[in-house]
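**Student:** I have a structure here, written as structure tokens, and I will follow up with some questions on it.
The values are calculated or read from the model by the stated rules, or taken from the named source; none is laboratory data. Every value quoted in this text rests on a predicted model; they were computed, and no experiment measured them. Please note: Cβ atoms are built from the backbone with ideal geometry, for glycine as well, and neighbour counts cover all protein chains shown. Surface accessibility is based on the protein's heavy atoms, side chains included, excluding ligands, DNA and RNA. Shrake-Rupley method; radii C 1.70, N 1.55, O 1.52, S 1.80 Å.
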Amino acid sequence: MSDVDLAGKRVLIREDLNVPVADGKVTSDARIQAALPTIRAAIEAGAAVMLVSHLGRPVEGEPDEKFSLRPVADRLGELLDRDVPLVKDWIDGGVVVEPGSVVLLENVRFLAGEKKCDPELARKMAALCDVFVMDAFGTAHRAQASTYGVAEFAPLACAGPLLARELEALGQALDSPARPVVAIVGGSKVSTKLTVLEALAGIVDTLIVGGGIANTFIAADGHDVGKSLHEGDMLEIARGLAAGDGATIPVPGDVVVGNEFSAEAAAVTKPVSAVTDGDMILDIGPDAAAEFAAIIRDAGTVIWNGPVGVFEFDQFAAGTRTLAEAIADSDAFSVAGGGDTLAAIDKFGLRERISYISTGGGAFLEFVEGKTLPAVEILEKRAG
Ligand code: ADP
Ligand code: MG
């Protein structure tokens, strides 16, 4: 976008303004804040700016007040200190916006054909603008009308600064990273993240596992994991990864267990060999956390996705906190992504001390897996 003359042009920017909303108010404006520099730059360049985004998961084609971008328009207006009108009926054209001003177009998922990338819908979006700017990294792994189709048909299509910076930061962590490279993969989406593990095992030097993933490796070592979240079907894959010639995968030697998944559950620390049927592993233990923190402090690059314990409950948050603080203290170039991972970083107040915070969850993981992001591919095609 910075290479394009936007003065007097009608510029349609795909943003990721999918923020949490409660009682008609935005409850976390992190994604809006992230979008501000791009929006300001376009306004200052003299563009007539139209912003497009999805919000939540409405039934496609059925406008529903519950999923209106009204609260986002209000918050954007406050942050930009200017009026940001919300345009309800926009797809058939006639959007009124002057150069040097900005409007927000209502939830793109109210339009039938968005998800399946209907070409007719995409052509209508493209007809609204002179320039299409893709700046929503978090949706770049989806080929939809507002992320992909519109870029095919717009007179000119380019990447926005946020998307460009995101791709650059992730490239720095994955393409020719400073070694040793340490990845931390935790969280609860075990089966979907195993493909990520396989990809990372071929790239990184050490692969630290936590959460349900660690439990799967502990079970693969022949230990009882009791009622813990783990993937029984994946034990062979875990054994293959542990024995393979890829990354070293240190499995936690001690864990913190509870007898139920609850904020009231009493936390008990024990070696993995002592876990019994009634136990639920809800965090890595202090010895494992200290061992992993030392590995992280010596890293050249750290890639983090997934809390290593149930950090939402304070008695099971220590493992995630220890690793997050080690990343913050380390001189390594660090990137973190994932909705809950970012929530953990914010809970511990460490946002400013991570080198790069990715705005994408699914897109971040697909990028890490080495997959081509469709929305990026089409921009490259248009540029070439
Ligand atoms: P992200 O959103 O960062 O990609 P996930 O959605 O995969 O991460 O997982 C985050 C969730 O995993 C957190 O809500 C956390 O409570 C949960 N979690 C972490 N460790 C465990 C565990 N041992 N057992 C059950 N849930 C866990
Ligand atoms: Mg999550």
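**Student:** If the requirement is being within 16 Å of ligand 2 (Cβ to nearest atom), under 30 Å from Ala126 (Cα atoms) and of a type in the set (Ser, Thr, Tyr), which of these qualifies: Thr341, Thr320, Thr359?
**Tutor:** Details: Thr341 fails: under 30 Å from Ala126 (Cα atoms); Thr320 fails: under 30 Å from Ala126 (Cα atoms).
Checking each option against the conditions leaves just Thr359.
**Student:** Between residues in segment 1-15 that are closer than 11 Å to Phe132 by Cβ and at pLDDT 95 or above and residues that are of a type in the set (S, T, N, Q) and not in a loop (DSSP other than H, G, I, E, B), which pairs lie under 8 Å by C-beta distance while being six or more apart or on different chains?
**Tutor:** Pairs that qualify, where the first residue is closer than 11 Å to Phe132 by Cβ and at pLDDT 95 or above and the partner is of a type in the set (S, T, N, Q) and not in a loop (DSSP other than H, G, I, E, B), are Met1/Thr38; Ile13/Thr38; Arg14/Thr139; Arg14/Ser146; Arg14/Thr147.
**Student:** Consider Leu162 carefully, then state whether it is among the hydrophobic types (A, V, I, L, M, F, W, C), open to solvent by 40 Å² or more (accessible area, probe 1.4 Å) and closer than 25 Å to Leu36 by Cβ. Spell out the reasoning first.
**Tutor:** Numbers: among the hydrophobic types (A, V, I, L, M, F, W, C): yes; open to solvent by 40 Å² or more (accessible area, probe 1.4 Å): no; closer than 25 Å to Leu36 by Cβ: yes.
Taking the combined requirement at face value, the residue does not satisfy it.
**Student:** Moving to a separate point now. Take residues that are within 8 Å of ligand 1 (Cβ to nearest atom) and without any contact (Cβ under 8 Å) to a residue 40 or more places away in the chain and tell me which of the helices (runs of 4 or more DSSP H) falling wholly in segment 280-379 contain 1 or more.
**Tutor:** On the way: elements: 286-297, 318-329, 339-347, 362-368.
Passing ranges, in order: 339-347.
**Student:** Given the conditions (1) of a type in the set (A, V, I, L, M); (2) in contact with a Phe, Trp or Tyr (Cβ under 8 Å, 6 or more places away or on another chain); (3) surrounded by fewer than 16 Cβ atoms within 10 Å (Cβ to Cβ), and given that Val96 satisfies all but one, which numbered condition is not satisfied?
**Tutor:** (2)
**Student:** Scanning segment 165-182 for residues that are surrounded by fewer than 24 Cβ atoms within 10 Å (Cβ to Cβ) and either within 15 Å of Thr341 (Cβ to Cβ) or of a type in the set (Gly, Ala, Ser) (or both), which turns out nearest to ligand 1 (Cβ to nearest atom)?
**Tutor:** Just the residues of segment 165-182 that are surrounded by fewer than 24 Cβ atoms within 10 Å (Cβ to Cβ), to begin with: 165, 167-172, 174-181.
Subsequent filtering for residues that are either within 15 Å of Thr341 (Cβ to Cβ) or of a type in the set (Gly, Ala, Ser) (or both) retains 169-171, 176, 178.
Numbers: Ala169: 17, Leu170: 15, Gly171: 20, Ser176: 25, Ala178: 24 Å.
Residue satisfying both the conditions and the ranking: Leu170.
**Student:** May I pose another question? Is one or more of the residues making up segment 121-128 in a loop (DSSP other than H, G, I, E, B), touching a strand residue (DSSP E or B) at 6+ places or on another chain (Cβ under 8 Å) and more than 26 Å from Ala45 (Cα to Cα)? Steps first, answer last, please.
**Tutor:** Just the residues of segment 121-128 that are in a loop (DSSP other than H, G, I, E, B), to begin with: 128.
Keeping just the survivors that are touching a strand residue (DSSP E or B) at 6+ places or on another chain (Cβ under 8 Å) gives 128.
Okay, now just the ones that are also more than 26 Å from Ala45 (Cα to Cα), so none.
No, the conditions are met nowhere in segment 121-128.
**Student:** If the requirement is being at pLDDT below 95 and surrounded by fewer than 19 Cβ atoms within 10 Å (Cβ to Cβ), which of these qualifies: Glu236, Glu291, Glu325, Glu260?
**Tutor:** Glu236
**Student:** Right, next: Tell me whether segment 23-31 contains one or more residues that are surrounded by 15 or more Cβ atoms within 10 Å (Cβ to Cβ), more than 18 Å from Cys158 (Cβ to Cβ) and touching a Pro at 6+ places or on another chain (Cβ under 9 Å).
**Tutor:** yes
**Student:** From the list Val209, Val185, which residue is under 19 Å from the mean Cα position of the chain (by Cα), under 15 Å from Gly337 (Cα atoms) and within 16 Å of ligand 1 (Cβ to nearest atom)? Working first, answer last.
**Tutor:** Numbers: Val209 fails: under 15 Å from Gly337 (Cα atoms).
The unique qualifying residue is Val185.
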